[in-house]
Amino acid sequence: MFSWKEYFNFRPYDDGWKAQRKIVNQAFPPGDIGRFHQKLLSATHELLQILIQTHDFTKDLQSWASVFILDVVYGIHAKETDSYLTTAVKAIKSLAYAATPGLFYVDQISILKYVPEWFPGATFKRQAREWNDLRIKMTDTFNALGTATPSLTSVALEQIDLSQNTREQEECIKKAAATAYAGGADTSVVALQSFVAFMLMHPEIQHKAHSELDKIFGPGDLPSFSDEQSLPYITAIVRETLRLQPVAPLGIPHLVTQDDIYEGFLIPKGSIVISNAWSMCHDEKVYPDPNQFNPSRFLDAEGKLNPNIKDPSGATFGFGRRICPGKHIALASLFIVIASILTCYTIEPELDEHGEPVKPEVEWNPEPTLLNNPLPFKCQFVPRSKEIEESLRRLKSEF
């Protein structure tokens, strides 16, 4: 009913899946993501100069993610005010909602998919139709707007085999591109929402991050990707954010294609298998005091990243042939955005009418959804120095 099933994140392992996955893998090779660094820096610098006057930082993060991913996937240089970004956000949210395991009765009772829309309790069919309309509008609009700027789409189009059915190849590219956009847009935003929440709730950790950054950068300087090796505590914050509040706690459901035996248990063909990333990331044998936000758990006595502590991204980005193909870009984006925000700002509670800080109370969404986002909360981004304010003004003049 909800026709993302033809897109490789949700389709079975077949020739269509292989073709779409190949397109994305060729565009995002783990060892060559440096080609996207400038696009990511540009989007991040635009975000920095917006946050100083933000009234809705989540919306600003959504715009940042959309601007960067549209550029990488389609070669579209978007602005925050572009109307099609609204369509994209709605389409991605509908996908996250529809993909939640067990949310609709039709997930367990497949015969329900045949009932008409007017039938009592069949609101899921009307929702599916509306969500399909959003998906089609998003995909067609982006492909029409795409430019010759180097991107997933442009690279794939250059590799079309003219001796084969070009229409089928173009359709495959459209679906691969839409999947890449859908997979990256909301997930990065959710991770950054959690990061902001943790900084608000743990000012001592934010202060420690500021200290590390101040040892590397002079007044008004901004981080780049070449600084990552010098900022282990920032990397530890990225890892701890993904560990304590995994973006997709139950991952994407998998379908068993043949009978399998696992530790003496039969998993019949056709079974739905759900990977419990939440449990893996909260295993106290691996991560002592698993419910505490403690980035230092990933560091050794010298303050360097400890290779003996398991990186939670191994659980939070999927497994096997369905591991997220954009994993390395996602981790790079989280690093540079978090490093840049903490270089420029102190994340503080909002003030009440008397100018007093409002005690932050952040909760994560208790409703069953694919993505694990914190409920809306308010905060303010306060520039850390006059030199930073001047840097932000210079950035603003560039856009």
Could you please let me know if Tyr287 is more than 19 Å from Thr316 (Cβ to Cβ) and among the aromatic types (Phe, Trp, Tyr)? no
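Give me the residue from the stretch 6-21 that is of a type in the set (D, E, K, R) and over 15 Å from Lys174 (Cβ atoms) and, out of that set, surrounded by the most Cβ atoms within 10 Å (Cβ to Cβ).
Here the answer is Lys18.
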Collect the residues in the stretch 41-69 that are among the polar types (S, T, N, Q), surrounded by 21 or more Cβ atoms within 10 Å (Cβ to Cβ) and either touching a Lys or Arg at 6+ places or on another chain (Cβ under 7 Å) or modelled with pLDDT of 90 or more (or both), keeping them in residue-number order. Thr44
Confirm whether Asp227 is out of contact with any Gly (no Cβ under 8 Å at 6 or more places or on another chain), part of a loop (DSSP other than H, G, I, E, B) and not hydroxyl-bearing (Ser, Thr, Tyr). no
If Ser63 satisfies every condition in (1) under 22 Å from Val190 (Cα atoms); (2) touching a helix residue (DSSP H, G or I) at 6+ places or on another chain (Cβ under 8 Å); (3) not in a helix (DSSP H, G or I) but one, which is the exception? (3)
Quick check: is even one residue across the stretch 343-358 crowded, with 18+ Cβ neighbours inside 10 Å, out of contact with any strand residue (DSSP E or B) (no Cβ under 8 Å at 6 or more places or on another chain) and assigned to a loop (DSSP other than H, G, I, E, B)? no
Quick one: which of Ile323, Ile338, Ile347 is touching a Phe, Trp or Tyr at 6+ places or on another chain (Cβ under 7 Å) and farther than 29 Å from Arg35 by Cβ? Ile347
All positions within the stretch 21-56 that are in a helix (DSSP H, G or I) and touching a strand residue (DSSP E or B) at 6+ places or on another chain (Cβ under 7 Å): Leu51
Exactly one of Thr147, Thr257, Thr139 is at pLDDT below 80, of a type in the set (Val, Ile, Thr), assigned to a loop (DSSP other than H, G, I, E, B) and farther than 17 Å from Phe317 by Cα, and that one is Thr147
Criterion: touching a residue at least 24 places away in the same chain (Cβ under 8 Å), part of a loop (DSSP other than H, G, I, E, B) and surrounded by 13 or more Cβ atoms within 10 Å (Cβ to Cβ) - qualifying residue of Gly251, Gly303: Gly251
So is Pro376 in contact (Cβ under 8 Å) with a residue 24 or more places away in the chain, outside any helix (DSSP H, G or I), surrounded by fewer than 19 Cβ atoms within 10 Å (Cβ to Cβ) and of a type outside the set (A, V, I, L, M, F, W, C) or not? yes
Could we say that Arg321 is basic (Lys, Arg) and crowded, with 17+ Cβ neighbours inside 10 Å here? no
Within the stretch 277-300, restricting attention to residues that are of a type in the set (A, V, I, L, M, F, W, C) and assigned to a loop (DSSP other than H, G, I, E, B), which residue is nearest to Ile237 (Cα to Cα)? Phe293
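Determine, yes or no, whether Gln159 is surrounded by fewer than 21 Cβ atoms within 10 Å (Cβ to Cβ), at pLDDT 80 or above and closer than 18 Å to Pro29 by Cα.
Yes, satisfied.
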Spot the failing condition for Arg239; the list is (1) touching a helix residue (DSSP H, G or I) at 6+ places or on another chain (Cβ under 6 Å); (2) surrounded by fewer than 21 Cβ atoms within 10 Å (Cβ to Cβ); (3) at pLDDT 95 or above, and only one is missed. (2)
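The values are calculated or read from the model by the stated rules, or taken from the named source; none is laboratory data. From a predicted model like this one, the values you see are computed outputs, not experimental measurements. Positions of Cβ are generated from backbone atoms using ideal geometry, with glycine treated the same way; all protein chains shown enter the neighbour counts.
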